[in-house]
Each structure stands twice: as structure tokens, then as C-alpha cells.
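S.K.: Have a look at this one.
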Amino acid sequence: MTQAELVVVANRLPVDRVVDADGENGWRRSPGGLVTALEPVMRRADGAWVGWPGQADVEVDPFEFEGTFLVPVSLSADEVEKYYEGMSNDTFWPLYHDVIAEPRYRRVWWDTYVRVNERFAKAAAEVAAEGAMVWVQDYQLQLVPRMLREARPDLTIGYFHHIPFPAYGLYSQLPWRRQVLEGLLGADVIGFQRVADAGNFARAVRRQLRYPTKASGITVPEPDGTTRNALAKAFPISIDASSYIELAQREDIRARAAEIRESLGNPKKILLGVDRLDYTKGIRHRLKAFGELLEDGHINVGDVTLVQVASPSRERVEAYVQLRDEIELTVGRINGDFDTMDHTAIRYLHQAYPREEMVALFLAADVMLVTALRDGMNLVAKEYVASRIDNRGVLVLSEFAGAADELPSAIRINPHDIDGMKDAIMRAIEMPPSEQGRRMRALRRRVMEYDVARWSKSFLDALDDARRHKSDTRNSAEVHA
Ligand code: GDG
């Protein structure tokens, strides 16, 4: 087996299984920011990626794919149900998003989560070279850092948390709150989206484990009686901005944007929402505000259309089934009340589109609505901004999305305040081009400067520092021995 200097461990492998016309199985790189960000790093570093291939009960041997060594971790259908749909998406996801939906605490899910985390940790331990760096991704794998450290104390371990970390009062509901903190603290560097998330984590560690913390450092006791320092701090994730700029410059995509406007009956203003269909995204609140604006007569369907892309997500989890029903009922009601033969109030699309179509939509949209009730970052906000090479368009952005920390030139909203959101939408619709330009330029500067390459570099630099520090302490211990 390959011995890799850099190992990424994520729930999913960076590839999707595809079957070609002859029925042959193959693999295709899955689109996604993380994959794009890490690809060059992985190539340079003799990298390996440990993850689930995305289908239950599929056993695949490790293989080389476009310069990265891929190590598939197999999950049974029962494990997918308990570890992924259950513990990850029906316990951690709602709990970490401020219990917008009620988290379910089921012991059998936890047991499977532990077992599956062990399997990921074992696969990573097998493929990592002596003294390698391992970077674990996200809430599905919170126990891996500790398990890996126990198996391989020579490794330097990083963990990045893509979703929020909740306030202690909520976090403390978790029956396994100590185990999860201990699991994460197996890492040398623990990255969060926002400064507030890192703060919530440090507070949980102080309250629950009584470990001292100072600035971003946490003093973690080791089994041998010594202590070590773990770093817990914000590394806000970003997007591959240049690839969005390239798409936005393409003639065919610009033509498609014009065609989209045309097909909606050339309204004066197009509002756009693009989200996975998830209760954290505030889609219902957005529809409520939009519906009321129509009802109040502030806007009419001839002038303003809302396009809502809600890409299918977690369709086997009950809360998502319910959410879809509620949203579709609301859309149906609003359209029923306000549509005309020529114009629709909401063009609702429960589909996933290729990136080219997304960028065409971004270019067609005068106003982008990001109304999340809670969101680690929200990459869609950044993708919209990067695509607006014409410095036009308005971003309406929830203060509960991580992106709000970095994008102060957006129109900031509290999605729970429906009147406030209605005012913000009207302001966005009526904003003069000069103000749009001023705001959009500021937003674009930020997104282009802090792109995903910069994000991964800053995290890996921190990890490298931790590794150097580790070998310094080891050397000085040897000198003193
Ligand atoms: C989690 C955190 C954090 C969506 N529909 C389509 C499509 N998308 C793409 C978007 C964007 C991505 O999916 C969604 O990223 P978000 O950041 O908006 O949200 P989550 O999926 O909840 O991601 C989040 C993120 O992790 C990264 O750390 O920012 O807070 O919740 O890139 O464009 N892409 C295509 N077709 C679709 O229909 N091609």
C-alpha cells in the first residue's frame, strides 16, 4: 500500500461512481470546492484520500485517480442508515444548527457512528507515512482525530468543521458530549468557519472537560501525564473564484443568462435562491417575505420573479421529507394566488443543475437571497459574488451565515424578522446601479483575495507549524534524556 505524506479523510471520496454505455464501472471526479482546493496540494504531496464511495455495500480496492491515491471505506446499508442518515444528519446536523429541527438522540446510531469512525481512522492509519499530516473533514468524523492519534502518535492531525459549533447550552444536550470533545481534541489543529464557532468550542472544552484555554490554544492532558497544545481557530472556507470568473466570461453562458430572463417573460427584476433543500437555509422564511410583498402590492408578478433552485438532499431523512412538502405547498399557494398566464411569481426547481447553468442563473439574477437560519459559511453567496464580473447585482445575506463575517457590503438581514427581510428585499430591488457597483466591488475583492486555495494553504501552514513544533519538542526531549 502507498504511504502518503498528506492524507485527507472525508465522509465522501472525491469521485462518483459512473457506469458507461457498455455497462463498465468507472469513476468521475465529483464537482466541489474541497476537491478543487485540495487537488493541486494532493498531487504535490503524494496525497491519499480516505472516504466512502457513496453507495452502500460496495467493496472497492484502493486505486490511483488523477494523481491521488483513493482509499474507499465501505459502509453497509444499515451503517448508512445509522451513522450517516441517523447520527450525522438527524442528530449532529440539527443540534449544531441551533436545534432548528429537533435532534434525535439514539444510542444505536451512536454505536454505529463510533464503529464507522474507527473504520475511517484505521484506513487512514494504514495509508499515512511515518510523520505524515492527516486532515480530517467534518462532523461525520469527529472521533477520528483521537482514534488516529492513539493508533499513530507520530502523525500531525488536523480537523476542519464545515458547519457551526453551537453555544454550550445547546451542545450540552448531546448525551455523548464528552466523547465528541475528546475525539476532536485528538487533532493538533481544529479549524472552524467563524471566530464564534471556535469560541463556542473552547467554552465547551472548558465547561465540560475543565481543560485550560488561552487565546486559540487549548492545553490537552496526555495519557502519559504530559500536556500538549491544540490550536482551535477560525479558517473561513472559500471557493475557487477564478473558475467562476471563467464561466461568467463564457459567451454561451452569458447567452444562456439572457435566455433565462427571456423565458421568465423579461421581468424587471429576478430574485434568486439556490440551496440544498435543507431546513437550515431559511427557504420558508424567504417565501413568506416574498409572498407578503406580493400580497401587500409592493411588487407584482409582471415586474419581479423569484427563481428558487432547491436541490434534492437527504431525501430519506423524515425532517427533509416534511420540509419539502411544506415548501411545495407554500410555493403552490403563492403561485396559485398571483400567477398570470404570462408570468409566474416563483419558478421553483427541485433539481440539481450543472455548474454552467448555475452561473447563468447567477448572471441573470438581480438579487441573490441567502436567508439561512444558521449556516457554517454558505458558499453560494461567494459564488454569486465571484460570478458578477459586471459588478452588478445585490447580495442579501443572513447574519446567521458564516459568510456574513467576511462580506459586510452585502445587505445584512435577520431572517426571523420578516418585516426586516421585506424591507431589505425592497432595498435590493430598488438599489441604484452606482450603489450596486460600489458594494459588489468590495464583495468581489474579498472573495477573489481569500479564495479556496488560500484557505487550504492557511490551514495546512498551521498544520505544518504544529508538526515542526512537535519535532522540536521531541528533539529537545531527546537531548535532555
Ligand atoms: C456545508 C455547510 C459550508 C447546490 N445546488 C446545486 C449546486 N449546489 C452547490 C452550490 C455550493 C454547494 O452546492 C453548497 O454549498 P453551501 O456552502 O451553500 O452549503 P452546504 O451544502 O450546506 O455546505 C456550509 C460548506 O459545507 C463548505 O464548508 O459553506 O455552511 O452547510 O457550491 O453551488 N451545484 C450544482 N448544481 C446544483 O443544483 N452544480
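The values are calculated or read from the model by the stated rules, or taken from the named source; none is laboratory data. Predicted, not measured: the structure shown is a model, and the values here were computed from it. Here the Cβ positions follow ideal geometry from the backbone for every residue, glycine too, while neighbour counts run over all protein chains shown.
S.K.: Within the group Val370, Val394, which residue is surrounded by 14 or more Cβ atoms within 10 Å (Cβ to Cβ), more than 12 Å from the ligand (Cβ to nearest atom) and over 22 Å from Asp252 (Cβ atoms)? Step through it out loud before you land on a result.
M.R.: Details: Val370 fails: more than 12 Å from the ligand (Cβ to nearest atom).
So the residue among Val370, Val394 that is surrounded by 14 or more Cβ atoms within 10 Å (Cβ to Cβ), more than 12 Å from the ligand (Cβ to nearest atom) and over 22 Å from Asp252 (Cβ atoms) is Val394.
S.K.: Just to verify a result, which residue in the range 9-25, among those that are under 15 Å from Phe160 (Cβ atoms) and among the hydrophobic types (A, V, I, L, M, F, W, C), is surrounded by the most Cβ atoms within 10 Å (Cβ to Cβ)?
M.R.: Val9
S.K.: What is the residue count in the range 389-446 for residues that are assigned to a strand (DSSP E or B) and without any contact (Cβ under 8 Å) to a residue 60 or more places away in the chain?
M.R.: 8
S.K.: So which residues in the range 312-354 are outside any loop (DSSP other than H, G, I, E, B) and among the basic types (Lys, Arg)?
M.R.: Within the range 312-354, Arg324, Arg333, Arg347 meet the criteria.
S.K.: Sort out which residues of the range 19-45 are within 16 Å of the ligand (Cβ to nearest atom) and hydrophobic (A, V, I, L, M, F, W, C), and write them in order of number.
M.R.: Leu34, Val35, Ala37, Leu38
S.K.: Moving to a separate point now. For the subset of the range 373-391 comprising residues that are within 13 Å of the ligand (Cβ to nearest atom) and among the basic types (Lys, Arg), which member is surrounded by the most Cβ atoms within 10 Å (Cβ to Cβ)?
M.R.: Initially, the range 373-391 is screened for residues within 13 Å of the ligand (Cβ to nearest atom), giving 373-387.
Imposing the further condition that a residue be among the basic types (Lys, Arg) reduces the set to 374, 382.
Values: Arg374: 22, Lys382: 30.
Once the filter is applied, the top-ranked residue is Lys382.
S.K.: When you go through Ala424, Ala442 one by one, which is the residue that is at pLDDT 95 or above, buried (at least 18 other Cβ atoms within 10 Å of the Cβ) and among the hydrophobic types (A, V, I, L, M, F, W, C)?
M.R.: That would be Ala424, the only listed residue that is at pLDDT 95 or above, buried (at least 18 other Cβ atoms within 10 Å of the Cβ) and among the hydrophobic types (A, V, I, L, M, F, W, C).
S.K.: Can you find a residue in the range 275-284 that is under 18 Å from Val380 (Cβ atoms), among the aromatic types (Phe, Trp, Tyr) and away from the ligand (no atom under 16 Å from the Cβ)?
M.R.: Within the range 275-284, not a single residue is under 18 Å from Val380 (Cβ atoms), among the aromatic types (Phe, Trp, Tyr) and away from the ligand (no atom under 16 Å from the Cβ).
S.K.: Among residues belonging to the range 342-361 that are hydrophobic (A, V, I, L, M, F, W, C) and at pLDDT 95 or above, point out the one that is nearest to Glu251 (Cα to Cα).
M.R.: Result: Ala360.
S.K.: Could I ask something else about it? Out of the range 324-336, which residues are hydrophobic (A, V, I, L, M, F, W, C) and within 16 Å of the ligand (Cβ to nearest atom)?
M.R.: Ile327, the sole residue that qualifies.
S.K.: Now, a different point. What do you reckon, is Ala352 within 16 Å of the ligand (Cβ to nearest atom) and over 18 Å from the mean Cα position of the chain (by Cα)?
M.R.: no
S.K.: Inspect the range 31-53 for any residue being assigned to a loop (DSSP other than H, G, I, E, B), in the same structural domain as Trp135 (by TED's automatic domain parsing) and modelled with pLDDT of 85 or more and give the result as yes or no.
M.R.: yes
S.K.: If a residue has to be in a helix (DSSP H, G or I) and either loosely packed, with under 15 Cβ neighbours inside 10 Å or more than 24 Å from the chain's Cα centre (by Cα) (or both) to count, how many in the range 90-116 make the cut?
M.R.: Qualifying residue count for the region: 4.
S.K.: Kindly provide the set of residues from the range 132-169 that are surrounded by fewer than 19 Cβ atoms within 10 Å (Cβ to Cβ) and of a type in the set (A, V, I, L, M), ordered by number.
M.R.: Ala151, Ala167
S.K.: Being within 16 Å of the ligand (Cβ to nearest atom) and either among the aliphatic types (A, V, I, L, M) or surrounded by 16 or more Cβ atoms within 10 Å (Cβ to Cβ) (or both) is the filter here; which residues of the range 285-323 pass it?
M.R.: Arg286, Val307, Gln308, Val309, Ala310, Ser313, Arg314, Val317, Ala319, Tyr320, Leu323
S.K.: Hey, another quick one. Can you tell me which residues in the range 1-18 are within 16 Å of the ligand (Cβ to nearest atom) and touching a helix residue (DSSP H, G or I) at 6+ places or on another chain (Cβ under 8 Å)?
M.R.: Matches in the range 1-18: Val8, Val9, Ala10, Asn11, Pro14.
S.K.: When you go through Pro221, Pro267 one by one, which is the residue that is crowded, with 16+ Cβ neighbours inside 10 Å and over 30 Å from Leu34 (Cβ atoms)?
M.R.: The unique qualifying residue is Pro267.
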